[in-house]
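Encoded as structure tokens, the structure appears first; notes follow it.
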Amino acid sequence: MTTKKSKEDYIWNKYDNMPTAYKDYQQKLKTGTIKINAEVKRRLSRFPYRYRLAKSFIGIDAKEVGRTLIGYEAGMKVFLAYTAYEDLIYAARKLEIENVKDKNENTILNKELAEQLLKNKSLIDFVRNNLRDEDAKLKMRIEEFIRGETYDVLFLAFAIRNFYAHGIFTATKGGVTKKADKALYYKLADVVLKYCDKRFTNCIKKIWG
């Protein structure tokens, strides 16, 4: 008879929640002879830790905050995922990875998630109403998104990241009033991380073949 392991029984491994190709990357850095641009190497070495933090993030231990805590957790999950994306895209662009554009030009098309996000009217209105005049491209994308002309969800992660970082984001305005809303944000973060994981692998292949 087997018993379910408790959290205390869990033995941490340094590769837990790291990108798929991270172990290979570490080994190639130690044994490979190919020189990498210093800034690219710095970004590729930093990205996995930002990725792991975002992927491992479950929530915030601040019970005194009350119901609004789930909103801050939702915003932070997306914020962490997008900051990992930013580091990776710099390196991927320098390495000329196929189909990777500048940070604000990439798209992640996901029809199912896009349709779910559209149903959260509070979130969509919040994004639409809080974009600055200089965010012309984001304004165009949110209107295309609302009209169903695109299923790109990456621009929403970008907008949430900005709102969260600048202190504009709140649980109510962000449309996070129940656990299902929070789960949708987490799903958005996971989609961004999945995109990053694949491109990180492509970077390693591009350098070492």
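Where a number appears in this text, it was derived from the coordinates with a stated rule and is not lab data. None of these values were measured; they are calculated from a predicted model. Positions of Cβ are generated from backbone atoms using ideal geometry, with glycine treated the same way; all protein chains shown enter the neighbour counts.
Can you work out the FRET efficiency for the pair Thr170 and Arg46, with r the C-beta to C-beta distance and R0 = 45 Å, to the nearest 0.05?
Efficiency computed from Cβ-Cβ geometry: 0.90.
Over 30 Å between Cα atoms: which of Lys14/Lys137; Lys55/Lys121; Lys94/Lys179 fall into that group?
Lys14/Lys137; Lys94/Lys179
Just grab the label-to-label distance for Lys179 and Lys205, each label 7 Å out from Cα along the Cβ direction, in nm (one decimal).
3.9 nm
In whole Hz, what ³J(HN,Hα) sequence does region 182-193 give by Karplus (6.51, -1.76, 1.60; θ = phi - 60°), x for Gly and Pro?
Result, rounded to whole Hz: 4, 4, 5, 4, 5, 5, 4, 4, 5, 5, 5, 5.
What's the longest piece of the chain with no exposed chymotrypsin sites (Phe, Trp or Tyr not before Pro), counting a site as exposed if DSSP puts it in a loop and it has at most 10 other beta carbons within 10 Å?
Answer from the scan: 13-209.
Just checking my list [x] 22; [y] 15; [z] 8 against percent of Cα pairs over 33 Å apart computed from this structure; which label fits?
Correct label, based on the coordinates given: [x].
For Leu109 paired with Lys28, estimate the spin-label separation in nm (one decimal), with each label point 7 Å from Cα along the Cα-to-Cβ line.
Going by the 7 Å Cα→Cβ label model, 2.8 nm.
How about Lys182: which aspartates and glutamates have a C-alpha closer than 13 Å to its C-alpha, ignoring those fewer than 8 places off in the same chain?
Qualifying aspartates and glutamates at Cα under 13 Å: Glu73, Asp190.
Relative contact order for the chain: what is it in percent, counting Cα pairs under 8 Å that are at least 6 residues apart?
Relative contact order of the chain: 31 percent.
From the phi angles alone, apply the Karplus equation (6.51, -1.76, 1.60; θ = phi - 60°) to region 44-58 and give each ³J(HN,Hα) in whole Hz, x where the residue is Gly or Pro.
5, 7, 7, 3, x, 6, 5, 4, 4, 4, 5, 5, 7, 4, 10
Whole-Hz Karplus ³J(HN,Hα) for region 77-85, in order, using 6.51 cos²θ - 1.76 cosθ + 1.60 and θ = phi - 60°, x for Gly and Pro?
4, 5, 4, 5, 5, 6, 5, 5, 4
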